[in-house]
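Report on the following structure.
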Amino acid sequence: MNPAYLDLPMSESTNNPDVTPEPAKPTGLKKYVDYAFSGWRPWALVGLLGCVLYFPGLGTSGLWDPWETHYAEVAREMVESGNWLEPTWEHSPGQSYKEKYFFSKPVLVFWLLAVPMKIFGVQAAQGGIVSGAEWYLRIPFALIAILGLFGIFALGANFFGKRVGLLAAVILGTSAQYYFIARQAMTDMPLVGLMTAGISLLLIGGFDDDKPRPGLLYSGYALLGMAVLAKGLTGFLLPGLVFLLYFIISADWARLKNMRVFTGGLIALLMAAPWFIYMSILSAVDNLLDDEKKTFFQRFFLHDHLYRIGHGVHGDRGTFAYFIKQLGLGTHPWFPFMVWGGIRSAQKVDRQKLTKPERVELFVLLWALAGFCVYALSVTKFHHYALPTIPALALLAAIWLVRWSQAKETFGRILIPLALILGVIMISRDIGLMPKNLTDLFVYNYTRDFPKDKAVIGQIGYGIVFGLMSLALTVFFLFFRKRLAAWTPRILVIGALLASIWGGWYFFNQMGPHWTQRHMFDSYYALRKQNEPIGAYLMNWRGETFYSCNQVTQLKNNTRLKAWVKKHQGKRLFILVEKAAQGCKLTQTCSPGKTRPPFSISLQAVTPGSCSKTSTQFSSRAWASKTFFSCSVTSGWWS
């Protein structure tokens, strides 16, 4: 040992048997790596990772239809009415509340949106939504996504080391489904971020020492209660199912007492139950109904929980393999290593006596399996339903990648590394050829037209990043196989970071105009004159309601269209239409026998009285899937 590395003189260190020489101080790159992994710095790195991935360009794109705009409008009406407990939809001041309540989701997501609306304002003086509102409306959701990163880092670092914890945070944060949903004001990130942090605190507080840490335990239970208030019963039932499976399989019943289940459960109930009880009683006693004439209990507990699982409500249908594809795309490039990590963990923990880290590894494995099975068994399926399993899969992948890189685990010499690399290559190819798969990870309607021309640059960017990453893995496999284990995590981290920055900073915002109506209503408010109304013809994507502050008229059929035009005869009207096919329907309704409107690509006023029995002229402008018409009409054909 080099004496220069010891604090004591050479003579004292060698002559005194009670003195233990200190290890040599690291040099070179290892010195800086060890510095970064010491003290508070890993926490700072995780926070920096989240800020870099999720904050830049957060408000560039308008709120996406239908989820973001739907929840934002409910929150706006909360602020407008001053009633922060009873959510409404399409309700205006002075209007009857009959069938105007919104019962599909719990209240937390609306509070997250309503608080910044109340602080910064939401309605512009000239009408519509203030510029830049999307930025502060999405911030709470991005922060909760970062909380999820902290949670998975803390869990990994506490039981498997800081390298595992930090890599798990990188894997989770750079998974496409996670970083896209982190940029959206929807219910799924509050559910997953709060649930991940809550589970992590419960495991650290109850599994780390023989003596439980009640402060961490109670905080974990409180976060799970908030997860229930974010999206529903899944926030508590899924963790509860995982804990139950863990105790049954491990027979670690003595630890159950340390988990403070009774008092912790009461804390979770106190966080979530009061609002649910209030709404259930109020809706039943006062006969409060939503727009489908359902009470709170009928809508929330029966329709949106029981029927979604057992009967099917909205969304897709599919077999258990449905989410394998979505996880492969939504966690790229990590999915092959998640699968292999899960297999190796199952082999490792399948024995009677488990160490402390192995008990946690078993729990994380059950988290991934139970989450996958619960959503696979549900009849209703959306691509983003896979999101609650990704934190567990991220930690499993990190555990085994670090073990492999440190030569504590072997993936074999040829077959397993080849299979893993081929998995990365094939999924990279699918994303490069079909970027629509990425937006489908978090949108509502998967059959909606995709703007292929607008996606070309994003497609090229993904192709370059994933192509170079695949090439690097292939080169190491073919020519530097002895160093493959050490370099695979580095290559994956670099590729995933570049892809997530490209996806979040550019691709998400480039696709935004296809799913948002912000630009449509900015144009409307810039062009309209006093008392010139706007209608939405044969569409109900929610964005038209939010961006008009509930001033749009829903023209759900031709009868309503004709009545609306007759009511406003002599005025210039603005009509929002989805797709050219419905624009033709609009033309035929105004002028039977016509097949296509004479489009002029501008938003200028047309000659008064141009809409008659024999002709219809429109001024229009199209953005992706929506078209905006202005039309001046007289009574003529409508009388």
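The values are calculated or read from the model by the stated rules, or taken from the named source; none is laboratory data. Being a predicted model, the structure only gives us computed values, none of them experimental. With ideal geometry, Cβ positions are generated from the backbone for all residues, glycine too; neighbour counts draw on all protein chains shown. Heads up: the accessible areas ignore ligands, DNA and RNA and are worked out on the full protein's heavy atoms, side chains in. Shrake-Rupley method; radii C 1.70, N 1.55, O 1.52, S 1.80 Å.
Output the helices (runs of 4 or more DSSP H) that fall wholly within region 98-203 and possess 2 or more residues being β-branched (Val, Ile, Thr), or say none.
Hits in region 98-203: 108-120, 133-160, 162-173.
Quick check on region 171-230: of everything there that is farther than 30 Å from GLY62 by Cα and among the β-branched types (Val, Ile, Thr), which residue is surrounded by the fewest Cβ atoms within 10 Å (Cβ to Cβ)?
Only one residue tops the list, namely ILE204.
Determine, yes or no, whether LEU217 is more than 19 Å from ALA370 (Cα to Cα) and either in a helix (DSSP H, G or I) or β-branched (Val, Ile, Thr) (or both).
In short, yes.
Which one of the conditions (1) within 21 Å of LYS105 (Cβ to Cβ); (2) loosely packed, with under 15 Cβ neighbours inside 10 Å does ARG299 fail to meet, given that it meets all the rest?
Going through the list (1) within 21 Å of LYS105 (Cβ to Cβ); (2) loosely packed, with under 15 Cβ neighbours inside 10 Å, ARG299 breaks only (2).
Can you tell me which residues in region 254-276 are open to solvent by 50 Å² or more (accessible area, probe 1.4 Å) and over 28 Å from the mean Cα position of the chain (by Cα)?
Within region 254-276, ALA254, LEU256, LYS257, ARG260, VAL261, PHE262, THR263, LEU266 qualify.
Give region 277-296 a look and list any residue that's of a type in the set (A, V, I, L, M) and either open to solvent by less than 30 Å² (accessible area, probe 1.4 Å) or in contact (Cβ under 8 Å) with a residue 12 or more places away in the chain (or both), or say none.
Of everything in region 277-296, those that are of a type in the set (A, V, I, L, M) and either open to solvent by less than 30 Å² (accessible area, probe 1.4 Å) or in contact (Cβ under 8 Å) with a residue 12 or more places away in the chain (or both) turn out to be MET279, LEU282, ALA284, LEU288, LEU289.
Of the conditions (1) closer than 21 Å to TYR179 by Cα; (2) surrounded by 20 or more Cβ atoms within 10 Å (Cβ to Cβ), LYS325 fails just one. Which one is it?
Of everything listed in (1) closer than 21 Å to TYR179 by Cα; (2) surrounded by 20 or more Cβ atoms within 10 Å (Cβ to Cβ), LYS325 misses just condition (2).
Quick check, is ALA392 on the phi < 0 side of the Ramachandran plot, at pLDDT below 95, open to solvent by less than 30 Å² (accessible area, probe 1.4 Å) and part of a helix (DSSP H, G or I)?
no
Helices (runs of 4 or more DSSP H) wholly in region 319-385 with at least 1 residues that are over 20 Å from ALA169 (Cα atoms), at pLDDT 90 or above and within 21 Å of the chain's Cα centre (by Cα) - which ones?
Helices (runs of 4 or more DSSP H) meeting the threshold: 322-330, 356-377.
Hey, any hits in region 441-452 for a residue that's at pLDDT 90 or above and either part of a helix (DSSP H, G or I) or among the acidic types (Asp, Glu) (or both)?
No, that holds for no residue.
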